[in-house]
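> Just dropping this structure here.
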Amino acid sequence: MSESSATIAILIGTPAGARLLASGTERDAARAAELFLLRLPSRALPTPLWVQCGDRVAGDRLTAYLADFQAERVRERDGMTAPGF
């Protein structure tokens, strides 16, 4: 991320309601979102999420990363972890 003091907000929708996470760095934001997503039941995935920050490139990168993270969990849930998936 180009500006370390930027605040990153991630809104994650769940069956029980929305959860707002905020961090000062891209790495901390990704980790907080990962930990939250890991606590959700796999049947709730993929769940909608929105990333907002002052650095558009970082926001796009986080959005893509968290979409991939969820897709991996869905593949694991559905038993599609073989090479080539």
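The values are calculated or read from the model by the stated rules, or taken from the named source; none is laboratory data. Computed from a prediction, not measured in an experiment: that's the story for all the values here. Here the Cβ is made from the backbone with ideal geometry for all residues, glycine too, and neighbour counts use every protein chain on show.
> What are the residues in segment 14-34 that are in contact (Cβ under 8 Å) with a residue 24 or more places away in the chain and in a strand (DSSP E or B), if any?
T14
> Out of L37, L11, report the one residue that is assigned to a strand (DSSP E or B) and free of Cβ contacts under 8 Å to residues at least 60 places away in the same chain.
On the way: L37 fails: assigned to a strand (DSSP E or B).
After ruling out the rest, the residue left standing is L11.
> Do you know which of the residues in segment 1-48 that are more than 11 Å from the chain's Cα centre (by Cα) and basic (K, R) is modelled with the lowest pLDDT?
That would be R43.
> Which numbered condition in (1) in a loop (DSSP other than H, G, I, E, B); (2) in contact with a Phe, Trp or Tyr (Cβ under 8 Å, 6 or more places away or on another chain) is the only one that P46 fails?
Unmet for P46, out of (1) in a loop (DSSP other than H, G, I, E, B); (2) in contact with a Phe, Trp or Tyr (Cβ under 8 Å, 6 or more places away or on another chain): (2).
> Also, quick follow-up: If V51 satisfies all but one of (1) farther than 16 Å from L11 by Cβ; (2) under 12 Å from the mean Cα position of the chain (by Cα), what's the number of the condition it fails?
Going through (1) farther than 16 Å from L11 by Cβ; (2) under 12 Å from the mean Cα position of the chain (by Cα) one by one, V51 breaks only (1).
> If you don't mind, another one. Determine if segment 52-75 includes at least one residue that is modelled with pLDDT of 95 or more, of a type in the set (G, A, S), buried (at least 16 other Cβ atoms within 10 Å of the Cβ) and not in a helix (DSSP H, G or I).
no
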